[in-house]
Amino acid sequence: MMMIINDVEVERETLDQLADKRAWQLQRLDKIQSQLKQRVIEAYKNGESIQSLAKRAGVSRVTVYSWVGE
């Protein structure tokens with residue numbers, strides 16, 4: 001499920017509604033980040049280079065190095 005919010009909708013939301021949406025998005029981001037990290041680690045174990053993984057995952061090489069434990 002993808003939540004799409006337009007500018008007009010956001011301007012009409014209350015503080016509590018916006019806080020709830022932000023919390024939901026952060027929780028979802030944590031789940032996606034965890035899955036991305038696992039996929040990067042798997043690809044690294046299968047021989048893919050750090051540089052290639054960083055580019056594909058949209059993260060820095062430093063991040064990939066920290067994820068794969070080098």
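Here are a few things to note about the model shown:
- Per-residue HN-Hα couplings for region 31-46 [Karplus 6.51, -1.76, 1.60; θ = phi - 60°; Hz; x = Gly/Pro]: 5, 5, 4, 4, 5, 4, 4, 4, 5, 5, 4, 4, 5, 5, 5, 8
- Between GLN17 and SER60, the modelled labels are 3.8 nm apart [label points 7 Å from Cα along Cα→Cβ].
- The chain - percent of accessible surface contributed by carbon and sulfur, probe 1.4 Å: 50
- A simple rule links phi to the HN-Hα coupling: the Karplus curve 6.51 cos²θ - 1.76 cosθ + 1.60 with θ = phi - 60°, which for region 49-54 gives 6, 4, 4, 5, 5, 4 Hz, with x for Gly and Pro.
- Pairs of alpha carbons in the chain separated by more than 18 Å make up 52% of all such pairs.
- For the listed peptides 10-17, 37-44, 54-61, a ranking on the average number of other beta carbons within 10 Å per residue, highest first, reads 37-44, 54-61, 10-17.
- Per residue, the chain exposes 84 Å² of accessible surface when a 1.4 Å probe is rolled over the protein heavy atoms with every protein chain present.
The values are calculated or read from the model by the stated rules, or taken from the named source; none is laboratory data. The shown structure was predicted, so the numbers you read here are calculated from the model rather than taken from an experiment. So basically every Cβ, Gly included, is an ideal-geometry build from the backbone, and we count neighbours across all protein chains shown. Calculation scope for accessible area: heavy atoms of the full protein, side chains included, ligands and nucleic acids excluded. Shrake-Rupley method; radii C 1.70, N 1.55, O 1.52, S 1.80 Å.
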